[in-house]
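Asks: Got a structure here, written out as C-alpha cells. Questions coming.
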Amino acid sequence: MVCQRHSRDRARRKRFRIVLIKPSHYDDDGYVIRWYRSPMPANSLASVYGLLDDCAQRKILGPDTEIDIVAIDETNTRVRVDRIVADMHGNGNFGFVGLVGVQSNQYPRSLDIAKPLRAAGVPVIIGGFHVSGMLAMFDSIGPDLRRALDMGVTLFAGEAEGRLDEVVSDAAAGSLKPIYNYIDDLPALEDAVTPFLPGNSVKKTIGNVTTFDAGRGCPFQCSFCTIINVQGRKSRRRSPDDVERILRKNFDQGIDRFFITDDNFARNKDWEIIFDRIIKLREQDSMDVRFLIQVDTLCHKIPNFIAKAKRAGVTRIFIGLENINPDNLLAAKKRQNKITEYRNMILAWKAVGIWTYAGYILGFPNDTPESVRRDIEIIKKEMPLDVLEFFFLTPLPGSEDHKVLWKKGVPLDPDLNKYDLEHALTPHANMTKAEWERLYRDAWSIYYTPEHVETILRRAQTYGINISRLAQIILWFAQSLAIERVHPLQGGFVRLKARHERRPELPIEPVWRFYPSLAVEFLVKHARVARAAWGIFRIYRGVAADKDLPYSDLAMTPVSEDETQTLELFTHNQSARDAVDHARKVKTLTGGDHSPLIPA
Ligand code: B12
Ligand code: SF4
C-alpha cells in the first residue's frame, strides 16, 4: 500500500533536467581534445554543479518538481548530443543544457554542441570567461556572441553565486532571457555555496587531486590579463569555515591533494587565517592535505607567507614569471615583476623545499627569437626554477590587450579556437608568424635538455624535494607538446578521438583512413612516451644514487650585492641594468626593503 502511494507520488512529480557540460576544444587537426583520464576535476563545473545542487535541495521549483543534474567534463567524457536531445525530448524539453566555464578557445566547440540542441528546441545557456570577458570589455554585442543569440542560446555573464534561482525558474517557466548580465555586480563569496561534483565525475580524473577557489580577484593590472576585468581587482574570498568544509568533504572521500585556483593566493586578504585553519587541520587533526597555489613574484615579502604556506602543506607554487626583460614587463604593465627580486623569491621557496612552476610568455614587443633563446639559457644557469612552461603572448578576449588591439584595428586571428595561449594570433614586430611558432616549439626543448633535467633534479634533491614525483612532472611538461601536440596544461592520460567529433568546417575522414592512422598514432606516441620516460628515469636514477654527495651551482648561491655586476640576468641588456640601478636608488631612498607597487 505504502509502496503504491510512493510510486504514484513519484509519477506525479515532475523532473527538471539539467545537463552541465564543460566543453573541451579542437586540436589543430580539428578533433576534440579528450582523454581517457583528465588530470583533475574542473572547478568551474564543480562551482556551477554545487550551486544547482543547492537549488535542487531547496526545491526552488516547488515541492512536486525534482531537479536532476548531470555533469559532463568533455576533456574526459564524450558528449553524445543525440542522446541528450532524446532524453530532453522525452521530458518535454523541461530542463536545459548549461555549457559551463566556457573559455574563448572553447567557444566555437560550445556553439557546435549548442546548434543541434537548439534545433531540437532544447534550451541552452553558455557561461564562463569568454561571455563574461566580452561583455565586461565591450558595450555592444560582438559577432561571435550574436551567433549564439541568433541560435536562441542564452548568455550568462558574471558569477552565478546567488543568481541561479532566477535562471532555473525562468528556464522552468520557458521564459529564459537572452542575456543575464551580472558582470558589474560581483557576489561576495563568504558563505557562498561551495563547489561540489558527484563521485562518478571525479573518477574520470587521474589522481586524488581536486580543485577549489578560496577567493577571486587580483589587485594588479597586467594588460594581458582577463581575470581583473571579469572577477575584479578586489579580493573576495570564501570563509575559513567554507574552506575547512571543502577540505573535510574531500578528505573523507580519500582526496587529499588540492589545487587552489585563486589566480593570486598571496593577495587573498584572508590568506593568513585560511593557512592558520589548514595548519590546525594538519597539525592537530592529522589531516595530511597538500596544495598547489598560484602566487605573484613579490609574495616572499609578505611577512610569514612562505613559512605558513609550508606548514599549511603547500608543496608546489605556480608563479607568473612571464619574462626577464624589464622593458617587456613594463609594456605589459606587469610592474610588480622585478627581475631584481626573482632570485630572492625563488630561493625563499626553495629554502623550505617547495617546488616551483613558472610561466614564461613568448612574443612580448621587445622579444626576438635570439633574445628569447638567450633568456632561457640565463634562466637555466642563474635561477633555480623547476618546471618552466611557455605560452604565446595572446590577446585573450576580456583583456586590455585584446580591447586595445581590436580598437586599433590590428588584425586578430578570427578563429577563437586558437585563443588557447598556444598559437600566434597577431603580427609581431620582430618575428614572422613562422619564426614565432618555431620559437615556441624550440623553447621547450631548449629548457628541457637532458643536462638541464639532471641539474633540476640535483638542485631539487639538495632542497629536499621528492625528485621521483618531480621527474614524472618534468616528463609531462617536457614531452606534452612534442608528443601530444598540446600544452601540458591541456594534457591528459591516453588521448581519445572519435571520427565524428571533428570541427564541422573539416570533412569527416573515411573509416579506412581514420582508424589505421589512429592506431599508428597510438603506437608511435606510446613508444615515444616510453623512450622519453626511460631517458628521464635514467637521469633520475643517477641523481638519486648521488643523494649523499653535496651539490651546488650558480643558481643556488645565496643572493649577494655584487651579483648584479656578474649575473647575466642583471646585465644582459640596458633595461636589465636600468632595473638594477632603479632598485639600488629605491633601496637608498627608503633605507631598505620597499615594495611601493603592491596595491593595498
Ligand atoms: C584553474 C584554471 C585552470 C586549470 C584548470 C583546473 C581545473 N580542472 O579546474 C588548468 C591549469 C588546468 C587550466 C588550463 C587552461 N586554462 Co585556465 N584557468 C584557471 C583559472 C585560474 C581558474 C578557473 C576557475 O575555476 N574559475 C572559477 C570559476 C568558478 O569561474 P568561472 O569558470 O568563470 O565560472 C563562474 C561564472 O563564469 C559562471 N558560469 C560559468 N559557467 C556557467 C554556466 C552556466 C549555465 C551559468 C548559469 C553560469 C556559469 O558561474 C561560475 C561560478 O560563479 C582561470 C582564471 C579564473 N580566475 O577563473 C584560468 C582561465 C579560465 N584559463 C584560461 C586558459 C586560456 C587556459 C588554457 C587554455 C591554457 C593552456 N593553454 O593550457 C587551459 C585549458 C584547459 C582546459 N581544458 O580547460 C583563461 C581563459 C581566458 C579566456 N578568455 O578564454 C583563464 C581565464 C586564465 C587567463 N589566462 O586569462 N586552467
Ligand atoms: S598578477 Fe596574474 S592575476 Fe594578477 S593581474 Fe597579473 S596576470 Fe592577472
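The values are calculated or read from the model by the stated rules, or taken from the named source; none is laboratory data. If you're wondering where the values come from, they're calculated on a predicted model, not measured in any experiment. With ideal geometry, Cβ positions are generated from the backbone for all residues, glycine too; neighbour counts draw on all protein chains shown. Each accessible area value is taken on the protein alone, full model and side chains, heavy atoms only, with ligands, DNA and RNA left out. Shrake-Rupley method; radii C 1.70, N 1.55, O 1.52, S 1.80 Å.
Asks: Checking LYS203 against (1) closer than 23 Å to ILE18 by Cα; (2) within 13 Å of ligand 1 (Cβ to nearest atom); (3) not aromatic (Phe, Trp, Tyr), which test does it fail?
Replies: All conditions pass for LYS203, except number (2).
Asks: Taking the conditions exactly as written (free of Cβ contacts under 8 Å to residues at least 12 places away in the same chain, more than 16 Å from ligand 2 (Cβ to nearest atom) and open to solvent by 20 Å² or more (accessible area, probe 1.4 Å)), does LYS203 satisfy them or not?
Replies: yes
Asks: Search the range 308-351 for residues being within 30 Å of ASP256 (Cα to Cα), hydrophobic (A, V, I, L, M, F, W, C) and out of contact with any strand residue (DSSP E or B) (no Cβ under 9 Å at 6 or more places or on another chain), and hand back the single one that is farthest from ligand 2 (Cβ to nearest atom).
Replies: Here the residue is ALA351.
Asks: List every residue pair whose Cβ atoms sit under 7 Å apart, with the two residues 6 or more apart in sequence or on different chains, where the first one lies in the range 220-242 and is under 28 Å from ASP276 (Cβ atoms) and the second, anywhere, is hydrophobic (A, V, I, L, M, F, W, C) and away from ligand 1 (no atom under 13 Å from the Cβ).
Replies: Cβ pairs passing all conditions: PRO240/ILE273; PRO240/ILE274.
Asks: Can you name every residue in the range 418-439 that is in contact with a strand residue (DSSP E or B) (Cβ under 9 Å, 6 or more places away or on another chain), surrounded by fewer than 21 Cβ atoms within 10 Å (Cβ to Cβ) and part of a helix (DSSP H, G or I)?
Replies: Once the filter is applied, which keeps residues that are in contact with a strand residue (DSSP E or B) (Cβ under 9 Å, 6 or more places away or on another chain), surrounded by fewer than 21 Cβ atoms within 10 Å (Cβ to Cβ) and part of a helix (DSSP H, G or I), the range 418-439 yields only GLU437.
Asks: Looking only at the range 474-499, count how many residues are in contact (Cβ under 8 Å) with a residue 60 or more places away in the chain and either in contact with a Lys or Arg (Cβ under 8 Å, 6 or more places away or on another chain) or under 16 Å from ALA544 (Cα atoms) (or both).
Replies: Final tally of qualifying residues: 8.
Asks: How do the pairs read when you match residues in the range 278-291 that are open to solvent by 80 Å² or more (accessible area, probe 1.4 Å) with residues anywhere that are of a type outside the set (Asp, Glu) and assigned to a helix (DSSP H, G or I), using Cβ under 8 Å and keeping only pairs 6 or more apart or on different chains?
Replies: If the second residue must be of a type outside the set (Asp, Glu) and assigned to a helix (DSSP H, G or I), the pairs left are GLU283/ARG311.
Asks: Hey, GLY162 hits all of (1) in contact with a strand residue (DSSP E or B) (Cβ under 9 Å, 6 or more places away or on another chain); (2) closer than 23 Å to LEU189 by Cβ; (3) among the small types (Gly, Ala, Ser) but one; which does it fall short on?
Replies: Just one mismatch for GLY162, condition (1).
Asks: Right, here's the next one. Would you check if ILE84 is assigned to a helix (DSSP H, G or I), within 16 Å of ligand 1 (Cβ to nearest atom), at pLDDT 95 or above and farther than 30 Å from PRO395 by Cβ?
Replies: For ILE84, the condition - assigned to a helix (DSSP H, G or I), within 16 Å of ligand 1 (Cβ to nearest atom), at pLDDT 95 or above and farther than 30 Å from PRO395 by Cβ - is met.
Asks: Hey, can you tell me all the residues within the range 102-141 that are more than 22 Å from ALA424 (Cα to Cα) and assigned to a loop (DSSP other than H, G, I, E, B)?
Replies: Within the range 102-141, ALA120, GLY121, VAL122, PRO123, GLY128, PHE138, ASP139, SER140, ILE141 meet the criteria.
Asks: Quick check: is even one residue across the range 210-222 over 21 Å from ILE72 (Cβ atoms), surrounded by 22 or more Cβ atoms within 10 Å (Cβ to Cβ) and touching a His at 6+ places or on another chain (Cβ under 9 Å)?
Replies: No.
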